[in-house]
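Data block below; observations after.
The values are calculated or read from the model by the stated rules, or taken from the named source; none is laboratory data. Keep in mind it's a predicted model, so treat the numbers as computed, not measured. Quick reminder, even Gly has a Cβ in these numbers, built from the backbone with ideal geometry, and neighbours come from all protein chains shown. To get the accessible areas, we keep the full protein, side chains included, count just its heavy atoms, and leave off ligands, DNA and RNA. Shrake-Rupley method; radii C 1.70, N 1.55, O 1.52, S 1.80 Å.
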Amino acid sequence: MVQKAKILLVDDRPENLLALEAILSALDQTLVRASSGEEALKALLTDDFAVILLDVQMPGMDGFETAAHIKRRERTRDIPIIFLTAINHGPHHTFRGYAAGAVDYISKPFDPWVLRAKVSVFVELYMKNVQLREQAALLRLRLEGNGAVRHPTPPDGEDGGAPGLLAELSARLAAVEEQAEALSKQLGESADPATAATASHLERKLSGLRRALDALEPGTGGDASAQVPSQN
């Protein structure tokens with residue numbers, strides 16, 4: 001079963017949340033509602049999200065304050081935030097949104113197709129990072145195994161043991177690399193700086209994991225002291 005990404009929708013007006021759900025339902029991901037900044041912060045305590053759509057104008061804790069809390073938490077500070085606002089106060093207001101940590105700032109009424117496209121990019125990046133963490137976890141298990149780097153010859157009728165696992169890991173990583181490359185080409189030069197930086201970070205982590213995996217291949221001189229790159 002393919003894992004779905006979670007998208008957090010934060011707005012104090014139920015009709016706005018309903019509209020966002022209608023726009024984003026085509027992405028076939030898990031949409032989570034929050035009707036206030038406090039409710040959003042509570043949801044972020046237990047779940048991981050690919051992207052947050054955050055209304056600026058809310059009673060009590062507004063979008064800027066909510067974003068500030070999100071960015072102060074280590075667990076949530078890297079989650080992309082797209083601000084949504086019905087009021088355009090000019091460049092200063094927009095700058096405040098970016099200063100609060102938003103990757104984008106969209107005024108209502110917005111084009112549903114544009115919003116869906118922007119969200120889909122961050123969902124794809126999130127899913128690639130999830131896949132990358134899974135490959136890193138498997139590689140760590142390999143490194144912490146019982147001397148598999150010696151590449152023992154398997155008995156007749158059995159698979160390649162550790163070498164077989166390495167081949168499987170390499171194939172899985174290659175699939176992620178191929179998807180990441182396709183995503184980068186799709187973004188091209190039209191990506192905003194924050195999106196481009198996120199994609200570049202993913203590519204660097206993929207390269208680091210590939211180097212660590214290659215160091216374990218037979219004949220490369222790798223050993224169990226090879227380090228798996230951090231996935232933070």
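So here's what we get for this one:
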{"item": "Filter result (over 19 Å from the mean Cα position of the chain (by Cα) and open to solvent by 20 Å² or more (accessible area, probe 1.4 Å)) within the range 34-47", "result": "SER35, SER36, GLU38, GLU39, LYS42"}
{"item": "Subset of the range 1-30 (residues that are among the hydrophobic types (A, V, I, L, M, F, W, C), closer than 18 Å to LYS108 by Cβ and open to solvent by 40 Å² or more (accessible area, probe 1.4 Å))", "result": "LEU18, ALA19, ALA22"}
{"item": "Residues satisfying the stated conditions in the range 1-35, i.e. in a helix (DSSP H, G or I) and among the hydrophobic types (A, V, I, L, M, F, W, C)", "result": "LEU17, LEU18, ALA19, LEU20, ALA22, ILE23, LEU24, ALA26, LEU27"}
{"item": "Residues satisfying the stated conditions in the range 36-45, i.e. more than 14 Å from ALA5 (Cα to Cα) and either part of a helix (DSSP H, G or I) or at pLDDT below 95 (or both)", "result": "GLY37, GLU38, GLU39, ALA40, LEU41, LYS42, ALA43, LEU45"}
{"item": "Where a residue in the range 6-22 is more than 19 Å from LEU44 (Cβ to Cβ) and its partner, wherever it lies, is open to solvent by 50 Å² or more (accessible area, probe 1.4 Å) and not in a strand (DSSP E or B), with Cβ under 8 Å and at least six apart", "result": "PRO14/SER35"}
{"item": "Cβ-Cβ under 9 Å pairs, at least 6 apart or on other chains, the range 31-60 side at positive phi, far side among the small types (Gly, Ala, Ser) and open to solvent by 20 Å² or more (accessible area, probe 1.4 Å)", "result": "GLY60/SER36"}
{"item": "Unmet criterion (only one of (1) within 26 Å of ILE23 (Cβ to Cβ); (2) part of a loop (DSSP other than H, G, I, E, B); (3) modelled with pLDDT under 70) for ILE79", "result": "(3)"}
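Condition check ((1) modelled with pLDDT of 90 or more; (2) open to solvent by less than 10 Å² (accessible area, probe 1.4 Å)) across all residues:
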residue: GLU65; (1), (2): yes, no
residue: ILE70; (1), (2): yes, yes
residue: THR85; (1), (2): no, yes
residue: PHE95; (1), (2): no, no
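Conditions tested, residue by residue: (1) open to solvent by 50 Å² or more (accessible area, probe 1.4 Å); (2) assigned to a loop (DSSP other than H, G, I, E, B); (3) in contact with a helix residue (DSSP H, G or I) (Cβ under 9 Å, 6 or more places away or on another chain); (4) at pLDDT below 80.
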site	(1), (2), (3), (4)
PRO109	yes, yes, no, no
ARG116	no, no, yes, no
LYS128	no, no, yes, no
LEU139	no, no, yes, yes
